[in-house]
1. Rounded to the nearest 10 degrees, what's the angle between the helix 188-199 long axis and the longest principal axis of the chain, both from Cα atoms, 0 to 90?
2. Where a Cα-Cα gap under 19 Å defines reach, which aspartates and glutamates qualify for K282, not counting those fewer than 8 residues away within the same chain?
3. Report the local net charge at K302: Lys and Arg +1, Asp and Glu -1, summed over other residues whose C-beta lies under 9 Å from its C-beta.
4. Can you tell me the FRET efficiency between K139 and N279 if r is taken as the Cβ-Cβ distance and R0 is 25 Å, rounded to the nearest 0.05?
5. Kindly flag which residue pairs out of K150/K241; K201/K250; K131/K241 have an alpha-carbon separation exceeding 22 Å in this structure.
6. In whole Hz, with x marking every Gly and Pro, tabulate ³J(HN,Hα) for the stretch 160-177 from phi via Karplus 6.51 cos²θ - 1.76 cosθ + 1.60, θ = phi - 60°.
7. Which net charge results when you count Lys and Arg as +1 and Asp and Glu as -1 among the other residues whose beta-carbon is under 14 Å from that of N279?
8. Using amide H atoms built 1.01 Å from N in the peptide plane, name the residues 5+ places from F221, or on other chains, whose amide H lies under 5 Å from its own.
Amino acid sequence: MKSSTIVVTGGAGFIGANLVDALNQRGEDRIIIVDHLRDGVKWKNLVGLKFVDYFDRDDFLKLIEENKIAIPSVIFHLGACSDTTVKDLRYLYENNYLYSVKICEYALRHEVTFIYASSAATYGDGSQGFKDDELLLDKLKPLNPYGFFKHLFDLWLLRRDLFKKVVGLKYFNVFGDKEFHKGDMRSVALKAYEQIKKTGKVRLFKSYNPNYEDGGQLRDFIYVKEAVEVTLFFMEHPHIKGIFNIGTGKARSFKDLVTAVFNALGLPPSIEYIEMPENLQKQYQYFTQADISKLYQVGYNKGMRELEETIKDYVNFLEKHYSYFVA
């Protein structure tokens, strides 16, 4: 018999902790958080959140395999190593792929609503477009191991015709509260804020593609609050299944984003363009833009705010709370 509990793997992470916060705001605290806390400030993401229990990722897998916890009603599987520079393929296979398979098999076996995080990194250089159509998955060519193992799980579901039973979410470039623990994988918005506070200017990578000027590289930047709203839509509409892009549908340049941070701080933009590390040049995406027509077709109707508005909201948060998370 299923319980009313909601499981959030990666619940102490960036999107996961924001999801738990949003659930709390909806009056939901019957939440089990699964993560892997070590050193650093990640634990601070859990302070003030309401949940019934916390389990390490490995312990949780054993508990569900041995049927030692009540069957949840929903599993949000957001936990993964999101570092696109990791080269340990065995680790990524076990942590990002095999763990996902085991959690999904458990959810399917017990008819638990299963919503998992895929990634826009699966689209690679974008030459095949950014359309969230399950039938196009075979054509995608990720540029880094992180994207590959996310893609591998998408394909595992495709081969077994399971997208009619689960929801996959391809998050694009998410920024916002609770990303302080992510090191080099922190958003450019947060890095820009820190650089401005420290030096008064921001350093961005030069472009090595003649189609894009320095700072003109384009990304679909989405605020974490809006990414979470979309994520919860699928819990609230459990009949909707498939794979969906989570973005704004509007690509903006890094120069636009950084300028928005300067403006939110009331400062004139000052940008320096620097060389990109050679190891990144071969796996760099110059353009990402989510096709979100499918999302709106299934009934999502809240819309997306402009980048300048969401950056202003985030900078206001940083001005008030930055010191707590970095102390």
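Coordinate-derived values only; no laboratory data. All values reported here derive from a predicted model rather than from experimental measurement. Glycine also receives a Cβ, built like all others from the backbone with ideal geometry; neighbour counts cover every protein chain displayed.
1. 40
2. By straight Cα distance, K282 reaches D83, D88, D125, D184, E213, D214.
3. Net charge in that neighbourhood comes out at -2.
4. Efficiency, rounded to the nearest 0.05: 0.45.
5. On the way: K150/K241 18 Å; K201/K250 26 Å; K131/K241 16 Å.
Check vs 22 Å cut-off fails for K201/K250.
6. Whole-Hz 3J(HN,Hα) from phi for the stretch 160-177: 9, 6, 9, 5, 7, 10, 10, 10, x, 10, 8, 6, 8, 8, 8, 9, x, 3.
7. Surrounding charge for N279 is -2.
8. Amide H to amide H, under 5 Å and 5 or more residues apart or across chains, F221 pairs with R252.
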